[in-house]
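The values are calculated or read from the model by the stated rules, or taken from the named source; none is laboratory data. Computed from a predicted structure; not experimentally measured. Here Cβ is always computed from backbone atoms with ideal geometry, including for glycine, and neighbour counts include all displayed protein chains.
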Amino acid sequence: MKRILGFLLTIFAVVSLAGLASAAVGPPGTNGPGLAEVGPVDATDGYPVWYRDKTGLRLEKCIAQADPLCPARGPLPDEAAPVSFPGNYPDEGFYSLTSGTMDTAGGGTALAAIALEQAFFNGPVADGDQVTFARLRLKITNARDGVDYKFTTPAGTKTVRTSKPGLVSDTEDIGIGGKGDFSGALGGRVGPFLTWDTYPTDPALKPDANGKNTYVGDGTTPHKITGSPYGSNIFRIEGPGINPSATADACPSVPGPVADCIETDLFTVQGKLATNSGVAAQRATYSRSSLGSGTVDVFASSEAGPQSILFSDASAGNAVFSPTALEGSGGTYFARIAFEGPQPPASVSVTNSSDVPASSKKIDVVDKVSGKATFNTDSGVLSVEAVSSDTAGARTLTAVGFGELASGSLASGRLPAPPASVTVRSDAKGEVVIPVEVTGSARAPIPVVAQAGADQAVTEGQKVDLDGSASSGPVSTYSWSSPPAVVLSDPNAVRPSFTAPAPGEYVFSLTVNGPGGPSTAIVKVTVTASAPAVANAGPNQLNAQRGAKVTLDGSGSNGAATYSWKQIVGPGDPTAALTGANSARPSFTFPLYKYPASAGALTFKLTVGSPDGSSSDAQVTVTAQADTVAVSSARYTASKREWRVDGTSSKQAGQTVTVHLGGLEGTVLGTAVVDATGSFSIRGSSTAVGRAGQTVSVESPLGGTATGFAVRVQ
C-alpha cells in the first residue's frame, strides 16, 4: 500500500502532533467488542452509508463542505464548492474519531486516537480504490528508550515499547476492505461509538426538530465521554518517567498515589448520526417459458423499520414495466413483477425514497441458473447439470474451466481430483456456484512400508543402534527379530540397540503393522574383530566464525567403541558448550568475544575406548577468524557533552561493536551496529568528559580490536 492516511492537520493542531506515520495493516477480523453492522454502499461515492454499533447507534461519514462539528476530513480541491465524487471529494474522512492528548515529562506529548476511517488504498481519490478501517493509534514523544509503556484507553489496554530513540509509536489498522466489502472494519477496536457524556441532550450538538442530537461530539472541544465497552472512558499511561511532575499524583482515578502515571478524561469526539438508510440491490433475475412474457424477481436490503423501497425499469428506451413497490420487514425486501414483450428489462433501479436525498442502486437483470455437480471417485468423472430460468430462449450454459454444456449436461474426462465447486454461467449473464457432491468408493489409507536403515560395519564390543524411523505410513507397532547371539534392548522400539557380538555378519528383520501391512525390511550388521584404540580428533580448524556452529570430527579414529570429548580450558578461554560430547561428531557454538576474554584458539581433547580395553587420546584446536576493526574519527564536543566515534569493520554482518574511552577496560561510550557497508558510528552523551590526550578503543564480538585512537576535543 502506498499510503494509509494520517490524521488531518486540523486534528494535529488540536493534539499538537503532526506528521504521524502509518503502521502495518492488520487483517480483517470477526466483529469486535462494539461494532455490529455495515450499511449499504452509497452509489454516489462507493462508501457505506453508515456503520452501526451494538447499542444501535448509527453514524454516517462526516465530510460535508463546511461543517464546524465535523472538522476532521481531507481537504477539498475546491473548498468553496459542494462535495461531489470524484471531482471535489476529500482523500480521507471519518465515521467516528475520538482523540485524547497529554503532556509528558521532558516536554513530550502523548496521543491516543480511536477512529473509523474512510480513505483510498493508494492515496489519491479514485473510484474503485475506496477502503475503510478501524484504527487505534498510540504515541509518546520524548520517551525513554527500550522501556515498556502501558496504555489504557476506551478501546482497552495495550503495552508498547519505544520503537525509535525517544519515540513510542503504534498504529493498528483493522479491515482494509473495499471493492464493495467494507465489513473488515467491524473486527477492530472501534465501538460502541464514543460520545460526549452529555449526549443525547446537549444543545451544543445541534438537536433536530424532535429535540434529539444529530452529532455525538463537536469535533473540537475536549470533553468527558462515555461508551467504552471496558468501562475505561479515560486515557492513561503508566511507564518510567512519564509524569512531568514527579511530586504530583497525575492518576486520580487509581486508588492511592501512583508513580510514573498520567491520565486524562477529556477527549475530542467527532461523529454524526446517520439519517439515511441506503439500499442494496442484491439480485434481479427473470424467468420465462415463452417469448411473449415472463417475470422479474428483485431482492433488496436496507435498514429495518418502515422504508419505502421501489424498483423501476432502468433500460434505455421504452420501459417494460412501471415502478413497483417492494415489500418486506427486518431489512429484507422483495417484489415480483410481470413483463410482456420479446425481452426482459436489461436492468432495474432500486430506490429508497425514504432517504433524503433518495438512495438508488442500479442492477442488471439476468437469468437464474441452477444445477448440480457430482464427482465419482471410481470413474474420476465430474458431471455437471444446469438449467436457465429462461426456457423460452436458446440459452448457452458454460461450466467455467470445463466447457459448454450440451442439452444442459457436461461430463469431464478423468480427473485426478475434483474442484470444491463449479461455476456455471449463462449467455444471459446469470451464473451460479455449485458445490460438488462426491460419490463412489472411499480412498484407502496410505499403506505402511518398513525401512530398517542402512547396513552397518562395526567393531566387536561396540554399541550398535538400529533405526526404523524411516518407515512410512501410519505405523501402529514395530517388531525387530535378531540372531540368537544378539540381545536387543527393546525389540518393539523404533530404535533398539545392542552390543556387537563376535565377528561375523548378522541380519536383523523389522516388521511394521498398520493399514496395508504388515511390511518387513532387513538390515545387515557386519562385525569385525576389535583393534587397539587410536584416537583421531581431525585436523585443526583455522577459519571458524564466532557465533557460528562448529562441528568436531573423531570418525577417523580406529577401534573406537566409545567417544568422550572435553574442552581443555586455558587462561581466559571462554567455555564452549558441547552437544553430543559422547559421539564421534559433537558440535558447539563458538563464543562471541568480550574483553578481557582470550581471543586465541580453543582446544578439545578426544578420548576413544576399544572393546579390548585400550584407550587413546588426541587433541584438536579451533581458531576463530577475527574481523578487522578500525576507528576513523573520534571527537568530543564540549558544549554539547557529546561523543561521536566513527569506524569500520571487515565483516559486514550486522554485529554490534563497543567503543571504550581509553583501553578496552575503559568506560563504555556506546555501541553501534555495523551496517551493510562495514561502517559504524556512535553519537550521544556520556558521563565521561572528553579531554585532550585521551584515546578510544573498539572491540567486536567477532574478535577484532583496535586501541589507542586519539580523541579530538572541540
What do you reckon, is residue 252 assigned to a loop (DSSP other than H, G, I, E, B), without any contact (Cβ under 8 Å) to a residue 24 or more places away in the chain and not β-branched (Val, Ile, Thr)? yes
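Yes/no matrix, rows are residues, columns are (1) within 44 Å of the chain's Cα centre (by Cα); (2) free of Cβ contacts under 8 Å to residues at least 60 places away in the same chain:
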{"site": "604", "(1), (2)": "no, no"}
{"site": "613", "(1), (2)": "no, yes"}
{"site": "617", "(1), (2)": "no, no"}
{"site": "641", "(1), (2)": "yes, yes"}
{"site": "649", "(1), (2)": "yes, yes"}
{"site": "675", "(1), (2)": "yes, yes"}
Answer with yes or no whether residue 419 is modelled with pLDDT under 95, farther than 30 Å from residue 510 by Cβ, in contact with a strand residue (DSSP E or B) (Cβ under 8 Å, 6 or more places away or on another chain) and surrounded by 13 or more Cβ atoms within 10 Å (Cβ to Cβ). no
Scanning the stretch 200-249 residue by residue, those assigned by TED's automatic domain parsing to the domain that holds residue 114, at pLDDT below 95 and touching a helix residue (DSSP H, G or I) at 6+ places or on another chain (Cβ under 9 Å) turn out to be 213, 214
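This table checks each residue for (1) closer than 24 Å to residue 300 by Cβ; (2) touching a Leu at 6+ places or on another chain (Cβ under 9 Å); (3) of a type in the set (Gly, Ala, Ser).
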{"position": "338", "(1), (2), (3)": "yes, no, yes"}
{"position": "353", "(1), (2), (3)": "yes, yes, yes"}
{"position": "356", "(1), (2), (3)": "yes, no, no"}
{"position": "361", "(1), (2), (3)": "yes, no, no"}
{"position": "364", "(1), (2), (3)": "yes, no, no"}
{"position": "372", "(1), (2), (3)": "no, no, no"}
{"position": "380", "(1), (2), (3)": "no, yes, yes"}
{"position": "391", "(1), (2), (3)": "no, no, no"}
How many of the residues in the stretch 394-447 are in a strand (DSSP E or B) and not hydroxyl-bearing (Ser, Thr, Tyr)? 18
Checking residue 404 against (1) surrounded by fewer than 12 Cβ atoms within 10 Å (Cβ to Cβ); (2) more than 30 Å from residue 366 (Cβ to Cβ); (3) touching a Leu at 6+ places or on another chain (Cβ under 9 Å): exactly one of these is not met. Which one? (2)
Output the number of residues of the stretch 360-405 satisfying the condition of being out of contact with any strand residue (DSSP E or B) (no Cβ under 9 Å at 6 or more places or on another chain) and either assigned by TED's automatic domain parsing to the domain that holds residue 314 or polar (S, T, N, Q) (or both). 1
Among the residues in the stretch 555-565, are any over 29 Å from residue 458 (Cα atoms) and modelled with pLDDT under 95? no
Are there strands (runs of 3 or more DSSP E) fully within the stretch 79-179 with at least 1 residues that are β-branched (Val, Ile, Thr) and under 23 Å from residue 52 (Cβ atoms)? List them. 92-104, 108-120, 130-141, 148-153, 167-177
So for the stretch 352-367 (the condition being closer than 30 Å to residue 290 by Cα and of a type in the set (S, T, N, Q)), does at least one residue qualify? no
Given the conditions (1) in contact with a Leu (Cβ under 9 Å, 6 or more places away or on another chain); (2) within 22 Å of residue 591 (Cβ to Cβ); (3) at pLDDT below 90, every one holds for residue 686 apart from (2)
Inside the stretch 355-388, the number of residues satisfying the requirement of being assigned to a loop (DSSP other than H, G, I, E, B) and surrounded by 22 or more Cβ atoms within 10 Å (Cβ to Cβ) is 1
How many residues are in a strand (DSSP E or B), in contact (Cβ under 8 Å) with a residue 40 or more places away in the chain and not aromatic (Phe, Trp, Tyr) when one looks only at the stretch 304-339? 5
Would you mind telling me which numbered condition in (1) surrounded by fewer than 18 Cβ atoms within 10 Å (Cβ to Cβ); (2) assigned by TED's automatic domain parsing to the domain that holds residue 491 residue 598 fails? (2)
Only unsatisfied item for residue 271, checking (1) part of a strand (DSSP E or B); (2) more than 36 Å from the chain's Cα centre (by Cα); (3) not acidic (Asp, Glu), is (2)
Which residues, counting only those in the stretch 625-645, are within 11 Å of residue 696 (Cβ to Cβ) and not polar (S, T, N, Q)? 631, 634, 635, 636, 643, 644, 645
Please enumerate the residues belonging to the stretch 546-585 that are among the hydroxyl-bearing types (Ser, Thr, Tyr) and either touching a Phe, Trp or Tyr at 6+ places or on another chain (Cβ under 8 Å) or without any contact (Cβ under 8 Å) to a residue 12 or more places away in the chain (or both). 557, 579, 583
Give the residue that is modelled with the highest pLDDT, with candidates limited to residues of the stretch 147-165 that are in contact with a strand residue (DSSP E or B) (Cβ under 7 Å, 6 or more places away or on another chain) and among the small types (Gly, Ala, Ser). 155
Evaluation of residue 665 against (1) surrounded by fewer than 21 Cβ atoms within 10 Å (Cβ to Cβ); (2) within 43 Å of the chain's Cα centre (by Cα) (one fails), failing number: (2)
If you check every pair at least six apart or on different chains, which have Cβ atoms under 6 Å apart with a residue in the stretch 485-512 that is more than 15 Å from residue 471 (Cα to Cα) first and a residue that is part of a loop (DSSP other than H, G, I, E, B) and among the acidic types (Asp, Glu) second? 500/460; 503/460
Going through the stretch 442-472 one residue at a time, which ones are under 42 Å from the mean Cα position of the chain (by Cα) and surrounded by fewer than 18 Cβ atoms within 10 Å (Cβ to Cβ)? 442, 443, 444, 445, 446, 447, 449, 451, 467, 469, 470, 472
Looking at the stretch 217-238, is at least one residue part of a strand (DSSP E or B) and over 35 Å from the mean Cα position of the chain (by Cα)? yes
Read through the list (1) at pLDDT 95 or above; (2) over 14 Å from residue 287 (Cβ atoms); (3) small (Gly, Ala, Ser), then give the number of the only condition that residue 370 fails. (2)
Would you confirm whether or not the stretch 340-350 contains a residue that is assigned to a strand (DSSP E or B) and modelled with pLDDT under 90? yes
Looking only at the stretch 287-303, how many residues end up being buried (at least 20 other Cβ atoms within 10 Å of the Cβ) and not in a strand (DSSP E or B)? 2
Quick check on my filter: what residues within the stretch 55-85 are under 33 Å from the mean Cα position of the chain (by Cα) and among the polar types (S, T, N, Q)? 55
